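Asker: Structure incoming, see below.
Throughout, read-outs are computed from the coordinates displayed, never taken from laboratory work. Predicted model, so just to flag it, every value in this text is computed and none were measured. Neighbour counts are summed over all protein chains in view; Cβ atoms, including those assigned to glycine, are modelled from backbone coordinates with ideal geometry.
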Amino acid sequence: MTTKHKVIFDTDPGVDDAMALYFAMAHPDIDVIGITTTFGNVTVQQATENAIYLTRLAGVSIPVAQGAAVPLSKKPGSPPDFIHGKDGLGNLPSRAEVEGVAEDVSAAEFIVKMARAHPGEITLVAVGPLGNLGLALKIEPNLPKLLKNVVLMAGTVTEPGNVSPVAEANVWNDPDAADLVFTAGWDLTMCGLDVTHRVIMPASAFLGLATEHKHVAMDTLSHAVDFYSNFYQAIRPELGHSCYGHDVLAFVWLVAPELFKTKMGRIRVQKQGEGNGQTMMDRLGLFYPEPGWEADKPETRVCMEVNAPACYELIMGTLLSDWLKPALLK
Ligand code: BDR
Ligand code: CA
């Protein structure tokens, strides 16, 4: 019998965040024991509302703790409503009223509390800007030993960036927090654009899921993916009416690492100038005299290649399974 992965999901939902959340809730080997929210695709208040909404809509009451509203030092920007919609879920025409409120501790406090209560057992899957992990490290410097491992959707090594030629959005949103995370010394895996740009998710497949399930949660996801795919089709017409599943790949790594080729190396984050948000990886394992690249800096496991068709099958098969419960409506 496999033991389930006990996961805290750190997220800024967000359409691909919603896809990732539903994949995690649907997968038999994953137990989402808490959700922590951050600014990013939407404000942190909207991210919290969406996390509560999406979980209750799927019929499960998972604790949600609200986190970082702004980056650690960078000047805050505005959420990309042209990608995820003003509400983060593709501008839903209406919302059902669901049960549930956020926890009375911050995201960082929640992460630390849970890690201390279950030492060595929890996987932290983070798919937004990394301020909550940065703040949690400040509260509990021993966090890397208390968590089992950390998996990120963040960064890029050889694939061009999506907010500048070199930067991926989650790292670029809070480069200072990201650098803390890449140098903290946990068992760390990065699923970045090098692999997420290989897996194309057609909007029609989500419409198919909604038709099969006949459930408000899947109707909601399909609506959101449709909006998100309009954005991708406009900037990358060769994709057709499709999108990248970005965040869901972090969970795919967790349950099916054999679908990825990885490389170990030290990563540092560029914090200033036109290159801010760049994840610079030492791919050669060399001695470098430049300060910041000392040999004792921790290494990250970076996903460099993915079996895209198998990954797509796993995502769709999991979402199609019989996992949805009646929505927890008021
Ligand atoms: C990442 O940025 C966000 O827009 C997505 O949700 C994903 O986490 C992709 O660069
Ligand atoms: Ca995200």
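Asker: For the stretch 224-330, what is the convex hull (Cα atoms) projected area averaged across all directions, in square nanometres?
Answerer: 11.6 nm²
Asker: Could you tell me the calculated FRET efficiency between residue 101 and residue 138, based on Cβ-Cβ distance and R0 = 25 angstrom, to the nearest 0.05?
Answerer: Once the sixth-power term is evaluated, E becomes 0.45.
Asker: Given the options 168, 99, 159, which has the most mean-square fluctuation in a GNM of the chain, springs set between C-alpha atoms less than 10 angstrom apart?
Answerer: Result for the chain, Cα springs under 10 Å: 99 fluctuates most.
Asker: Taking the chain as the region of interest, what is the percent of Cα-Cα pairs per 20 angstrom bin, listed from the shortest bin to the one with the maximum distance?
Answerer: Result returned by the calculation: 34, 60, 5, 0.
Asker: Now for a separate question. Over the stretch 18-90, what is the relative contact order in percent, taking alpha-carbon pairs closer than 8 angstrom and at least six residues apart?
Answerer: With pairs under 8 Å counted, the relative contact order is 33 percent.
Asker: First measure r as the distance between the Cβ atoms of residue 164 and residue 264, then evaluate 1/(1 + (r/R0)^6) with R0 = 30 Å and state the FRET efficiency to the nearest 0.05.
Answerer: Approximately 0.70, to the nearest 0.05.
Asker: How large is the Rg to Rh ratio of the stretch 108-259 when both quantities use alpha carbon positions and Rh follows Kirkwood?
Answerer: My calculation of the ratio gives 1.02.
Asker: I would also like to ask the following. State, as an integer percentage, the relative contact order of the chain based on alpha-carbon contacts under 8 Å between residues 6 or more apart.
Answerer: Relative contact order of the chain: 22 percent.
Asker: Let me ask something else. Per DSSP H run of at least 4 residues, take -39500 (n - 2.57); add these up for the chain, divide by its residues and hand me the 222 nm value, nearest 500 deg cm²/dmol.
Answerer: That calculation yields -10500 deg cm²/dmol at 222 nm.
Asker: Is there a pair in 113/148; 261/297; 6/148 whose C-alpha atoms are over 18 Å apart, and which pairs would that be?
Answerer: 261/297
Asker: Show me, for the stretch 222-230, the HN-Hα J-couplings you get by feeding each phi into the Karplus relation (A = 6.51, B = -1.76, C = 1.60, θ = phi - 60°), rounded to Hz, glycine and proline as x.
Answerer: 5, 4, 5, 5, 4, 4, 5, 6, 4
Asker: Which of 267, 139, 235 ends up with the largest GNM mean-square fluctuation for the chain, with Cα atoms connected below 10 Å?
Answerer: 235
Asker: Can you tell me the mean projection area, over all orientations, of the convex hull of the stretch 27-107's alpha carbons? Units nm², please.
Answerer: 6.5 nm²
Asker: Separate question: For the chain, find the longest principal axis of its Cα atoms and tell me its angle to the long axis of helix 308-320, 0 to 90°, nearest 10.
Answerer: Long axis of 308-320 versus the principal axis of the chain: about 40 degrees.
Asker: Hey, could you get me the Stokes-Einstein D for the stretch 121-211, Kirkwood radius over alpha-carbon pairs, 4 °C and 1.567 mPa s, rounded to whole µm² s⁻¹?
Answerer: 90 µm²/s
Asker: Once every Cα of the stretch 168-210 carries one equal point scatterer and solvent is ignored, give the base-10 log of I(q)/I(0) from the Debye formula at q = 0.22, 0.25, 0.28 Å⁻¹, two decimals.
Answerer: Normalising to I(0) and taking log10 leaves -0.82, -0.92, -1.01.
Asker: Specify the residue with the greatest mean-square fluctuation among 242, 94, 164, computed from a Gaussian network of the chain linking alpha-carbon atoms under 10 Å apart.
Answerer: 94
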